[in-house]
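The values are calculated or read from the model by the stated rules, or taken from the named source; none is laboratory data. Keep in mind the model is a prediction, meaning the values are calculated, not measured. Note: ideal-geometry Cβ built from the backbone for every residue, glycine included; neighbour counts use all protein chains shown.
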Amino acid sequence: MILLSIPEEAALCRAAFAGVKVGAMVRHCHHEQLAEPLTETPEKRIAYILSDKPIEEQALRLHLFRPTYNAAVEAAWATYDAVLDAARATYNAAVKAARATYDAVLEAAHQAECPDCPWDGRTIFPVATP
């Protein structure tokens, strides 16, 4: 791989991202991740690379940071995202049901074990009413 100067790589990177919106799939936004959805503007990431990354890494990072225009990748991400959304919904429903059961058991135990408790659902020091 032949890298150009940092300013040249930055210019090519900016050109590659012309018209690319937040949410688009990109390659090598972060060095540990092959592809991910863009969570900020490309220019923000480019500026961060130029201001915060070691100078010896900047040209390579700018060279590799690019949008992904592969329909198969986009379709696979959409499928992954849909499965993840469904799994999260199932998980959230299970957690909600378990929490409701726990809360009911906890409240019953609390009332049996602590009958004169001033707990009002938020504090043991409720505001006195005049």
Quickly run through the range 65-95 and pick out the residues that are without any contact (Cβ under 8 Å) to a residue 40 or more places away in the chain and among the basic types (Lys, Arg). Arg88
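Output yes when any residue across the range 68-76 is at pLDDT 95 or above, in a loop (DSSP other than H, G, I, E, B) and under 30 Å from Ile2 (Cβ atoms), and no when none is. Walk me through it before giving the result.
Initial filter on the range 68-76 (at pLDDT 95 or above): none.
No, the range 68-76 contains no residue that is at pLDDT 95 or above, in a loop (DSSP other than H, G, I, E, B) and under 30 Å from Ile2 (Cβ atoms).
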Filtered residue count, the range 13-28, keeping only those that are of a type outside the set (Lys, Arg), surrounded by fewer than 19 Cβ atoms within 10 Å (Cβ to Cβ), within 23 Å of Ile2 (Cα to Cα) and in contact with a Leu (Cβ under 9 Å, 6 or more places away or on another chain): 1
Among the residues of the range 56-66, is any at positive phi and exposed (fewer than 10 other Cβ atoms within 10 Å of the Cβ)? no
Residue check, Tyr91 surrounded by 10 or more Cβ atoms within 10 Å (Cβ to Cβ), within 27 Å of Pro37 (Cα to Cα) and not aliphatic (A, V, I, L, M): yes
Considering residues that are assigned to a strand (DSSP E or B) and touching a residue at least 12 places away in the same chain (Cβ under 8 Å), the number found within the range 15-38 is 5
Testing Tyr102 on (1) within 30 Å of Ile46 (Cα to Cα); (2) loosely packed, with under 11 Cβ neighbours inside 10 Å; (3) aromatic (Phe, Trp, Tyr), one condition comes back false. Which one is that? (1)
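Would you pick out the residues in the range 29-48 that are surrounded by 14 or more Cβ atoms within 10 Å (Cβ to Cβ) and over 16 Å from Ala16 (Cα atoms)? Show your work before the answer.
Of the range 29-48, the ones surrounded by 14 or more Cβ atoms within 10 Å (Cβ to Cβ) are 29, 35-36, 38, 42, 45-46.
Answer for the range 29-48, where residues must be surrounded by 14 or more Cβ atoms within 10 Å (Cβ to Cβ) and over 16 Å from Ala16 (Cα atoms): just Glu36.
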Could you identify the single residue in Leu84, Leu62, Leu50, Leu12 that is in the same structural domain as Gly121 (by TED's automatic domain parsing), assigned to a helix (DSSP H, G or I), at pLDDT 95 or above and more than 30 Å from Arg122 (Cβ to Cβ)? Leu84
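From the list Thr90, Thr101, exactly one residue is at pLDDT 95 or above, assigned to a helix (DSSP H, G or I), closer than 30 Å to Arg122 by Cβ and among the polar types (S, T, N, Q). Which is it? Break it down stepwise before answering.
Numbers: Thr90 fails: closer than 30 Å to Arg122 by Cβ.
Of the residues listed, the single one that is at pLDDT 95 or above, assigned to a helix (DSSP H, G or I), closer than 30 Å to Arg122 by Cβ and among the polar types (S, T, N, Q) is Thr101.
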